[in-house]
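**Student:** One structure is given below, represented as structure tokens, and several questions about it will come after.
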Amino acid sequence: RSTGLDRFGYLVASAARRGDPIYLLGAEQRVLDAMIDVLRARHPALRIAGARNGYFDDDASEQVAEAIRTSGAALLFVGMSSPKKEIFLARHGASLGVAICHGVGGSFDVVAGKTQRAPASWQRSGFEWLYRLLQEPRRMWRRYLVTNTIFLALVLRARFARAARR
């Protein structure tokens, strides 16, 4: 099991060791600034090629993509909500010139200290999502109710289709 937050931490540490510049896209400006401070304290050698908060209109999407393209970043971390992050990456991902585009969801908020990560026991049992829901019920209830229900329905449909073919 590897969460987006775990992969984000690993990739940032690896980029710092290798000297690969990163670009950070997402979160509110104050959260982004706080996260950058934390990352620089943890990884003094980290090269941040650029950073931009995730609050921009679709009209500014091309300008944001151009800033990433010209930044020289090797890795892009996108900490925006779904589906905005997926739409941005589908529209611009192939043209950004980065080796890795990684959607990290709420990782920026956790690294910045805005939200807490679930205790290890919750992580091991697969209920980190529930811990997040309990922290931000107004914001997260719809996402988890709708997307988890759709995911479960798709899994069950695939399972029953496979069983019917046997």
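The values are calculated or read from the model by the stated rules, or taken from the named source; none is laboratory data. Keep in mind the model is a prediction, meaning the values are calculated, not measured. Every residue, glycine among them, receives a Cβ derived from its backbone with ideal geometry; neighbour counts consider all protein chains shown. Heads up: the accessible areas ignore ligands, DNA and RNA and are worked out on the full protein's heavy atoms, side chains in. Shrake-Rupley method; radii C 1.70, N 1.55, O 1.52, S 1.80 Å.
**Student:** So if a site counts as exposed when it's one of the chymotrypsin sites (Phe, Trp or Tyr not before Pro), its DSSP state isn't H, G, I, E or B, and it has at most 16 other Cβ atoms within 10 Å, what's the longest stretch of the chain without one?
**Tutor:** Answer from the scan: 57-126.
**Student:** Turning to a different aspect of this structure: Report, in whole Å, the centroid distance computed from the Cα atoms of the range 96-166 and the range 1-51.
**Tutor:** Taking the Cα centre of each part, the range 96-166 and the range 1-51 sit 21 Å apart.
**Student:** Mean residue ellipticity at 222 nm from the helices of the chain, using -39,500 (n - 2.57) per DSSP H segment of n ≥ 4 over the full residue count, to the nearest 500 deg cm²/dmol?
**Tutor:** -18000 deg cm²/dmol, from helical runs alone.
**Student:** If you don't mind, there's one more thing I want to ask. Pairs of Cα atoms under 8 Å, at least six residues apart: use those to get the relative contact order of the range 32-166, whole percent.
**Tutor:** Normalised by residue count, the contact order of the range 32-166 is 20 percent.
**Student:** Same structure again: Could you list which residues have their amide H under 5 Å from that of Leu76, counting only those 5 or more apart in sequence or on another chain, with H placed in the peptide plane?
**Tutor:** Tyr23, Ile100, Cys101, His102
**Student:** Spin-label point model (7 Å from Cα, Cβ direction): what's the Arg47 to Arg91 distance in nm?
**Tutor:** Once both label points are built, they end up 2.9 nm from each other.
**Student:** Say each of Tyr55 and Ala153 gets a label point 7 Å from the Cα, pointing the same way as Cα to Cβ; how far apart are those two points in nm?
**Tutor:** 3.4
**Student:** Taking only protein heavy atoms and a 1.4 Å probe, what accessible area per residue, in Å², does the range 64-166 have with all protein chains in place?
**Tutor:** I get 62 Å² per residue for the range 64-166.
**Student:** Summarise the accessible area of the chain (1.4 Å probe, protein heavy atoms) by the percent that is carbon and sulfur.
**Tutor:** C and S atoms contribute 56 percent here.
**Student:** Going by amide H atoms built from the backbone, whose H comes under 5 Å of the H on Asn53, apart from near neighbours?
**Tutor:** Those qualifying (amide H under 5 Å, at least 5 residues apart or on another chain) are Gly26.
**Student:** For an R0 of 35 angstrom, estimate the FRET efficiency from the Cβ-Cβ distance between Lys84 and Arg165 and round to the nearest 0.05.
**Tutor:** 0.40
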